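The values are calculated or read from the model by the stated rules, or taken from the named source; none is laboratory data. Everything numeric in this text was worked out from a predicted model, so none of it was measured. Every residue, glycine among them, receives a Cβ derived from its backbone with ideal geometry; neighbour counts consider all protein chains shown. With ligands, DNA and RNA removed, areas are computed over all heavy atoms of the protein, side chains included. Shrake-Rupley method; radii C 1.70, N 1.55, O 1.52, S 1.80 Å.
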Amino acid sequence: MGARRIVLLGPPGSGKGTQAVRLAASLGVPHISTGDLLRSEVQNRTALGREAQRFMDRGELVPDQVVAEMIKHRVQGTTGFVLDGFPRNVKQAQILESVTEVDRALHFRLDRDEIVRRLSARRVCSQCGRVYNLLSSPPKNDALCDLCHGALTQRTDDTPEVIAHRIDVQYAREIGPLVEFYRARSVLREIDARGDIETVYRAACKALE
Ligand code: AMP
């Protein structure tokens, strides 16, 4: 049987969220996105959400322990998951390793200019949460959701300054050691994330065999 406990690594905008949804559906395992979980805590104005928002708005990582507590019970003892946005650094990878094995870590690679171009074009429905991209998966009308006609908005952390900060501070500094962590465990596979959604999906499926 192929890999079922999967983590996705890659810069914001690499399409890993889109691929996570498809991979999880085809494997019949939960898709666990720490970004989505945190945004829902923020929206519901929970104590955790209020704590997390200060970091998210600045493009900083939320403290490891806060995020770890949120996902530990979701992966412990399960036989399958697609983790999207966690781990973000070696400390988080060690926490994850203390509660479950990982069968495969897919690293979606994309250069900086392309990341900024893609994130600037991302739009989210303010009502149902569906994600669009004006370049690769545009809505029929630039301002409205195809499904529920809710207003499309930009994530507050998808502004050029915060994007630059997320790439440089969160991603560039942490990804090297994280990739080496999983390479040392022989579960790392590199994916070229420049292609269209279908091409990248096929590459990801192949990497899970
Ligand atoms: P994302 O949707 O994955 O781009 O995440 C949005 C924001 O949530 C990030 O910029 C971080 O502030 C926070 N976040 C998401 N996942 C994590 C994580 N594993 N560790 C710390 N912060 C996270």
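Listing for the model above:
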{"quantity": "Cβ-Cβ under 8 Å pairs, at least 6 apart or on other chains, region 101-114 side farther than 18 Å from residue 201 by Cα, far side open to solvent by less than 30 Å² (accessible area, probe 1.4 Å) and assigned to a helix (DSSP H, G or I)", "calculated": "102/96; 102/182; 112/167"}
{"quantity": "Tally of residues being at pLDDT below 90 and either more than 26 Å from residue 53 (Cα to Cα) or in contact with a strand residue (DSSP E or B) (Cβ under 6 Å, 6 or more places away or on another chain) (or both) across region 159-182", "calculated": "0"}
{"quantity": "Index of the failed condition, residue 170 passing every other in (1) under 17 Å from the mean Cα position of the chain (by Cα); (2) at positive phi", "calculated": "(2)"}
{"quantity": "Residues of region 24-35 classified as in contact (Cβ under 8 Å) with a residue 60 or more places away in the chain and within 13 Å of the ligand (Cβ to nearest atom), total", "calculated": "0"}
{"quantity": "Boolean, residue 60 is over 16 Å from the mean Cα position of the chain (by Cα), open to solvent by less than 70 Å² (accessible area, probe 1.4 Å), among the acidic types (Asp, Glu) and closer than 30 Å to residue 194 by Cβ", "calculated": "no"}
{"quantity": "Residue that is farthest from residue 119 (Cα to Cα) [pool: residues in region 166-209 that are touching a Lys or Arg at 6+ places or on another chain (Cβ under 7 Å) and not hydrophobic (A, V, I, L, M, F, W, C)]", "calculated": "189"}
